[in-house]
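So the structure is just underneath, and the comments pick up after that.
Read-outs: derived from the displayed coordinates by stated rules, not from any lab. These numbers were taken from a predicted model, which means no experiment stands behind them. Methodologically, a virtual Cβ is constructed for each residue, glycine included, from the backbone with ideal geometry; neighbour enumeration extends over all protein chains shown.
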Amino acid sequence: MVTKDDVLKVLRTCDDPELGINVVELGLIYNIQISPENQVHVTMTLTTPGCPLLDYFVDTTSSKIRGLPGVKDAKVEITFDPPWDKSKMSEEARAQLGLD
């Protein structure tokens, strides 16, 4: 069975190409649900509603999740509720961007 930790580990390999920080540390991942059939549903956000990388993030994150052993399918849903802000970032990500 695929676990939330498995999904988070693979999502840590998905970097924002503009910032060079992964989607987990940026605080973009809001929820991960895994069905008994190993179908993964991720709810995530982007730093801005008009982000031109929306398709990139959906395609990259879902592809990486589908690559996990045992995953039957992956769906990535984008939401802007609640809106993202820098408080959702890890301390390491904020430090890397000089926001601390």
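Relative to the longest principal axis of the C-alpha atoms of the chain, give the angle of the C-alpha long axis of helix 54-66, reported between 0 and 90° and rounded to the nearest 10°.
40
So between residue 75 and residue 31, what do we pick up on full extension, going 0.36 nm a residue minus the alpha carbon distance? Numbers along the way, then the final one.
Numbers: separation 44, 0.36 × 44 = 15.84 nm, distance 1.18 nm.
Result for the pair: 14.7 nm of gain on full extension.
By how many nm would the segment from residue 100 to residue 1 lengthen if fully extended, with 0.36 nm per residue of separation less the alpha-carbon distance?
Fully extending the segment from residue 100 to residue 1 adds 31.8 nm.
Could you tell me which GluC sites (Glu not before Pro) in region 11-54 are loop residues by DSSP with no more than 14 other beta carbons within 10 angstrom of their beta carbon?
Counting only loop positions with at most 14 other Cβ atoms within 10 Å, the GluC sites (Glu not before Pro) in region 11-54 are 18, 37.
Just subtract the alpha-carbon distance of residue 63 and residue 38 from 0.36 nm times their residue separation and send over the number in nm, one decimal.
Working it through step by step, the gained length comes to 7.5 nm.
With an 8 Å Cα cut-off and a minimum separation of 6 or more residues, compute the relative contact order for the chain in percent.
It rounds to 31 percent for the chain.
Which distance in nm do the two modelled labels at residue 53 and residue 91 give, with both placed 7 Å along the Cα-to-Cβ direction?
For the pair residue 53/residue 91, the computed spacing is 2.5 nm.
Which residue, 26, 70, 83, has the largest displacement toward the positive end of the dipole of region 4-85 when charges sit on each Cβ (Lys, Arg +1; Asp, Glu -1)?
70
Calculate for the chain the 222 nm mean residue ellipticity that helices alone would give, adding -39,500 (n - 2.57) per DSSP H run of length 4 or more and normalising by residue count, nearest 500 deg cm²/dmol.
Helix-only estimate at 222 nm: -7500 deg cm²/dmol.
Percent antiparallel among DSSP beta bridges with both residues in the chain, to the nearest 5?
Within the chain, antiparallel bridges account for around 50 percent of the total.
Taking 19 Å as the cut-off for C-alpha to C-alpha distance, list the pairs among 9/86; 64/86; 64/88; 9/75 that go past it.
Numbers: 9/86 21 Å; 64/86 25 Å; 64/88 22 Å; 9/75 17 Å.
Flagged as over cut-off: 9/86; 64/86; 64/88.
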